[in-house]
Amino acid sequence: MAKVKNWHLGRDMEYVYEENRPKRQWSIVFDLNKCIGCQTCSMACKTTWTSGKGQESMFWNNVETKPWGSYPLGWDVKVLEKLGHQEWKKHEPYRGKTIFEAAEPTETTVHFFPTDEDWMYPNNGEDDCTGNVSHGTHLNLPHDQWFFYLPRTCAHCTYPACLAACPRKAIYKRPEDGIVLIDQSRCKGYGECVRSCPYKKSMYNPYTRTSEKCIGCYPAVEQGYQPMCVQNCIGKIRVMGFINPPWKARKDNPVDYLVHQMGLALPYYPQLGLEPNIYYIPPIHANREYLTQMFGPKVDDAIKQYKKIKDDPRTQGLLVLLGSTDRIMHSFDVKHGVAYGYDEKGDEIVSVPVIEHSYERPRYDSKYEAVRNNTP
Amino acid sequence: MRIIFSLALVFGSVLLADIKAVKTTTDLSKTLPADSVWKDIPKEPVNLVAQYMVNPKPKVNHTPLIEVQAIHDGQWIAFRLTWKADSKSEAGKTGQFSDAVAMQFPVKEGSPPPIFMGMKGNPVHIFHWRAQYQKDEEKGKPEMKDLYPNMNPDMYPMEFKDSGHVKGLNAEKREVYSPGKASGNPQSYQKNSAVDEIVAEGFGSSSVIENKMSRGHGVYDPKQKTWTVVISRPLVRPNGSVLKPGQNGFMAFAVWQGAKQEVGSRKAITPNWVSLQILGPT
């Protein structure tokens, strides 16, 4: 076991291999306050990558309704239960154990193998609220009864459990963009990655008898385009970019800005120890204890920060850039009420007004002697 | 226990069993477990331990013993391997793994390489029989409908065609929808032999070599709860291991109990090389 730096935890941790960060790291930020659970991302991914035989129940991108939904069934509660109760005090490093540190001596991680049936109900729990809304209930914040949508891809972790667990070393992390891939020519379908990934984003294909996973749409990324799930997001809730570790963060990098500069976006289940590279702006009206379990103790600050966006034109500008271009934004700027996105060379690829122009017309048009109304 | 085995590695092989391959006149290229040729061949018990060198390891040793019979005809050598298995597992669906057995031989003459699948520059030659591969050989590679009879997929894009412009894809283009196949992974193709021949230079380095010769056939007895598998191979395998009558050589074994979730490094192994004497005139 090597000691590696995990900045999500604020401490060093044990991992099978030495720390070896890629030149840059693929990353997605999702604003969960805006996800409408339309599953367009799931279908964009499905039709692009997993329409073959043996992939019938395979969703590299899925959207599940929290807290009742999950794909595969109960993945989150099972891995948390296996890991056991762990403590994480606010403003302190995580003192609990990761899935690597809590592993039995004969294993690489704390893990479980979902059953075949667990993969067959990706819509399980969809749109289910935490409980019934009874007569006389009025609106409270945070909401008494709540749910939110959680879109998930592979997190192309800095410390992938799938890669650590593969006895054939058939899984590798690309140095150029940090995308984690299963070498389809070497995989023998042992399923150790399926067993060990706590997010359950390695999946077994019984037709090819190999394991498969989200490839981060690397052919698009190599050409400067965002993955299909991001490009096709109807709610414009997500942005793909390259995240730097906090000690190399750049204020004009969209992902660095949301994660490091503003502390708005947080990794999910960081306590598992993988340093996952998908980040979420937490849903501000959901139950806070649940959010703390999922996003860690920084969730309070993230929500406070989110509520300040109404007075922050720069963050507003970045959030309107989400979903406004298919290209990968390497930097952004907001000036004179317009948000700009730039490519790697610094050339402008998109510009969006931060506030849409609107014009209010008088109710009575004296020229045409007509009354205007809003009837379409 | 680990220290003892490690010492054994350092100081050479502690031979736990002594397999003698008797010369016979029967053609062994197609021998089966029930053939009469095996009747009078003594069974050599070989003890196995749970793989203990790399993670993941089995917590329990599910196969403490394998019984080995060996014969040769001057051209071919055949091994009849018997072990206890509570149930038969041929894999197929997600989370199911296959019963399997493997025999390992050093490639180079002289003292054998580390038992754990050889080392860089000193490879081993492995014959890996799987119940799953045997099923492939006998019944063809299962289609999704064979694995999941009640499944009802709407449409596979690679199979779609109509009477008009869409004529359907040729075999090569259809493979794009099966990444394992498109990458040329032997795992993803139909197995025409129940035995894979593999060369390895250390753990996790195994790669399948073209197999046109060796054969294997297993029979599971549900009453006795026993697998009996015969693997026959030519004595001389160019680019692989070479066995000679009169030679004192080495071999090793591994067994996987699929129903106990054994696969990959979750297996029972011989902790040391076993002596193999090939009797008869040189």
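Annotations for the structure displayed:
- Relative compactness, segment B:9-90, computed as alpha-carbon Rg over 2.2 N^0.38 Å: 1.34
- Whole-Hz couplings from phi, Karplus 6.51/-1.76/1.60, listed for segment A:125-134; x for Gly and Pro: x, 5, 6, 7, 7, 4, x, 6, 9, 8
- The largest accessible area among B:38, A:247 belongs to the first residue in A:247, B:38, and the rest follow in falling order (1.4 Å probe, all chains).
- Shielding of peptide B:50-57 by partners, expressed as the average count of other chain Cβ atoms within 10 Å per residue Cβ, is 4.
- Of the whole protein surface, residue B:163 contributes about 130 Å² of accessible area at a 1.4 Å probe radius.
- Links that overshoot a 18 Å alpha carbon limit, given the list A:169/B:120; B:135/B:191; A:90/A:251: A:90/A:251
- The Stokes-Einstein estimate for segment B:92-206, based on a Kirkwood radius over Cα pairs and taken at 20 °C with 1.002 mPa s viscosity, is a diffusion coefficient of 124 µm²/s.
- Vicinal HN-Hα couplings computed from phi for segment B:259-266 (Karplus, 6.51 cos²θ - 1.76 cosθ + 1.60; Hz; Gly/Pro x): 5, 9, 6, 8, 6, x, 7, 7
- Debye log10 I(q)/I(0) at q = 0.17, 0.21 Å⁻¹ for segment A:8-121, Cα point scatterers: -1.24, -1.30
- Computed over chain B, Cα set: Rg, Dmax in Å: 20.5, 73
- Remark: mean inter-chain Cβ contacts per residue of A:54-60 equal 4, using a 10 Å Cβ-Cβ cutoff to other protein chain atoms.
- Accessible-area composition of segment A:321-376, carbon plus sulfur, in percent [1.4 Å probe]: 45
- Pairs of Cα atoms nearer than 8 Å and 6+ residues apart set the relative contact order; for segment A:103-207 it is 28 percent.
- FRET efficiency for residue B:219 and residue A:89, using Cβ-Cβ distance with R0 set to 41 Å, rounded to 0.05: 0.10
- In the structure shown, the pairs A:304/A:335; A:3/A:53; B:30/B:267 are assessed against 32 Å; a Cα-Cα span above that value is assigned to A:3/A:53.
- The Kirkwood hydrodynamic radius of segment A:283-322, based on inverse pair distances between different Cα atoms, is 11.1 Å.
- Over segment A:25-303, the ratio between the Cα radius of gyration and 2.2 N^0.38 Å evaluates to 0.97.
- Residue-averaged [θ]222 nm for chain B, counting only DSSP H segments that reach four residues, each worth -39500 (n - 2.57): -2500 deg cm²/dmol
- Packing-based order for A:56-67, A:132-143, using average beta carbon neighbours within 10 Å, highest first: A:56-67, A:132-143
- Calculated log₁₀ intensity ratio I(q)/I(0) where the Debye formula runs over C-alpha points of segment A:259-315, q = 0.23 Å⁻¹: -0.88
- In sequence order, calculated HN-Hα J values of segment B:32-41 (Karplus, 6.51, -1.76, 1.60; Hz; x Gly/Pro): 10, x, 8, 4, 5, 4, 7, 3, 9, 7
- Using C-alpha pairs under 8 Å with a sequence gap of at least 6, the mean separation divided by the residue count of segment B:25-140 gives a relative contact order of 18 percent.
- Treating each Cα of segment B:224-282 as one equal point scatterer and applying the Debye formula with no solvent, the log10 of I(q)/I(0) at q = 0.13 Å⁻¹ comes out as -0.52.
- For the peptide B:180-193, the mean number of other protein chain Cβ atoms found within 10 angstrom of a residue's Cβ is 5.
- Calculated FRET value between residue B:169 and residue A:115, using beta carbons and R₀ = 56 Å, to 0.05: 0.95
- Accessible area of residue A:53 in the full protein assembly, 1.4 Å probe (Å², nearest 10): 20
- Calculated [θ] (222 nm, deg cm²/dmol) that DSSP helices of n ≥ 4 give over chain A, each run adding -39,500 (n - 2.57): -4500 deg cm²/dmol
- For segment B:173-282, the Kirkwood estimate of hydrodynamic radius, built from reciprocal distances between every pair of different alpha carbons, is 17.0 Å.
- Computed over the alpha-carbon pairs of segment B:71-142, the distance histogram in 10 Å steps reads 15, 33, 33, 17, 1 percent, short to long.
- P(r) histogram, all alpha-carbon pairs of segment B:173-237 included - 10 Å bins from 0, percent: 17, 33, 33, 16, 1
- Relative compactness, segment A:180-232, computed as alpha-carbon Rg over 2.2 N^0.38 Å: 1.28
- Flagged links, alpha-carbon separation over 23 Å, of A:173/A:248; B:93/B:223; A:82/B:57; A:173/A:298: B:93/B:223; A:173/A:298
- Kirkwood Rh and Cα Rg combined as Rg over Rh, evaluated for segment B:141-200: 1.07
- Rg then Dmax, both in Å and based on the Cα atoms of the protein assembly as shown: 29.7, 119.
The values are calculated or read from the model by the stated rules, or taken from the named source; none is laboratory data. Note that the coordinates shown come from a computational prediction; the quantities given were computed from them, not determined experimentally. With ideal geometry, Cβ positions are generated from the backbone for all residues, glycine too; neighbour counts draw on all protein chains shown. Ligands, DNA and RNA are excluded from the accessible area calculation, which covers all protein heavy atoms including side chains. Shrake-Rupley method; radii C 1.70, N 1.55, O 1.52, S 1.80 Å.
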